[in-house]
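The values are calculated or read from the model by the stated rules, or taken from the named source; none is laboratory data. Computed from a predicted structure; not experimentally measured. Counting neighbours? That spans all protein chains shown, and the Cβs are built from the backbone with ideal geometry, glycine included. Side chains are part of the model used for accessible areas, which takes the heavy atoms of the whole protein and leaves out ligands, DNA and RNA. Shrake-Rupley method; radii C 1.70, N 1.55, O 1.52, S 1.80 Å.
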Amino acid sequence: MPISPSSSAQAAREAVAVRLRDLRKKAGLTVAELAGRCGWHHAKTSRIENARTAPSAKDIRLWCGATSAEDQAEDLIVRSLHAESMYTEWRHQMRSGLKQLQNSSAQFFRDTQLFRVYSSTLVPGLLQTEGYAAAILRTVARFRELAFDDSAEAARARVERSRIIHEPGHRFVLLIEESVLYHQIADADAMAAQLGYLLTAGASPSVSLGIVPMATHERGQWPRETFHVYDDTLVSVELVSARVRISQPSEVALYLKAFEQLRSMAVYGRDARALIVKAVEALR
């Protein structure tokens, strides 16, 4: 099964902490002695070694200098920066507003050739209508208690970014759970428009839209956290508090394995359209 994205980020932090602790022990220093050489309180050493505090580049250089391991400093700095970049808090992402958050990934989308998206909760952003997207982003703005609500502008930016599905050079393999079709995210009119768009967008030659039926028996994979795979190199997982970016090849491979198993349980074409039509009829 895929590794929990939050635990994956923490594991990367802990790997750096273990190496720093090993350097201290190899040098024969106590926690207090290392702290004295680095010029900080011994509690900071403990927090770093227990992965409760992320060391700065300066901290790592001082640590390696104190343990006569200067040649390892740059590698540890790179690993520490990678661990911290895996886990990005939403409050930092949203400082410039929801619209800017949509625009920030536009170039990355253009550079990506193969998109794989599995969603157990919402219609994927690439297939969202403006009304549906606006309803989601309004909820986000309220939940995050943002200083200003630019959800309407952000929804338009999301739809504009999604026009990439009509551009050559990209392929989109999108999977959703059937329950997504029934989550009343927006009002009935907006939901009907969204479901109607799925009927047309799913017929695009560059898009493969699969729906995992609720009636599937003996599932090989239960509904997972929503995740996006970009080409074969990056997985993005959105948590309540943060976005986790996973690039470790072994972990990317686990998400790809889960995706393929989920894809094998989905229905496509006429069968998928029948599930969407059924959901539309349920709105009446």
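If you take the residues in the stretch 250-279 that are open to solvent by 30 Å² or more (accessible area, probe 1.4 Å) and not in a helix (DSSP H, G or I), which one is farthest from TYR197 (Cα to Cα)? Step by step, filter the stretch 250-279, then rank; the result is VAL267.
Before we move on, is GLY196 of a type outside the set (Ser, Thr, Tyr) and either touching a helix residue (DSSP H, G or I) at 6+ places or on another chain (Cβ under 7 Å) or under 15 Å from ILE276 (Cβ atoms) (or both)? So GLY196 fits the description; yes. Annotation note: Cβ proximity below 7 Å between a residue of the stretch 34-47 that is over 17 Å from SER68 (Cβ atoms) and a residue that is among the β-branched types (Val, Ile, Thr) (sequence gap 6+ or interchain) occurs for HIS42/VAL31; LYS44/THR53; SER46/VAL31; ARG47/THR53.
Looking at the stretch 89-105, is at least one residue more than 30 Å from ALA134 (Cα to Cα) and either open to solvent by less than 40 Å² (accessible area, probe 1.4 Å) or modelled with pLDDT under 95 (or both)? Checked the stretch 89-105: no residue is more than 30 Å from ALA134 (Cα to Cα) and either open to solvent by less than 40 Å² (accessible area, probe 1.4 Å) or modelled with pLDDT under 95 (or both).
Restricting the first member to the stretch 65-80 and to residues that are more than 18 Å from VAL18 (Cβ to Cβ), and the second to residues that are not in a helix (DSSP H, G or I), the beta-carbon pairs closer than 8 Å and six or more apart or on different chains are SER68/ALA27. Scan the stretch 106-119 for residues that are under 21 Å from THR200 (Cα atoms) and open to solvent by 20 Å² or more (accessible area, probe 1.4 Å) and jot them down. Of everything in the stretch 106-119, those that are under 21 Å from THR200 (Cα atoms) and open to solvent by 20 Å² or more (accessible area, probe 1.4 Å) turn out to be LEU114, ARG116.
For the stretch 212-249, filtered to residues that are among the aromatic types (Phe, Trp, Tyr) and in a strand (DSSP E or B), the residue that is least open to solvent (accessible area, probe 1.4 Å) is PHE227.
Listed conditions (1) touching a strand residue (DSSP E or B) at 6+ places or on another chain (Cβ under 8 Å); (2) hydrophobic (A, V, I, L, M, F, W, C); (3) not in a loop (DSSP other than H, G, I, E, B) are all met by VAL123, apart from (3). Surrounded by fewer than 16 Cβ atoms within 10 Å (Cβ to Cβ) and not polar (S, T, N, Q): does that describe ARG161? No; evaluated as a whole, the condition is false for this residue. Just name the residue that is least open to solvent (accessible area, probe 1.4 Å) out of those in the stretch 127-153 that are farther than 22 Å from LEU195 by Cβ and of a type outside the set (Asp, Glu). Across the stretch 127-153, the extreme among qualifying residues is ALA141.
Of all residues in the stretch 19-44, those satisfying the criterion of being assigned to a loop (DSSP other than H, G, I, E, B) and under 12 Å from TRP63 (Cβ atoms) are ALA27, LEU29, GLY39, TRP40.
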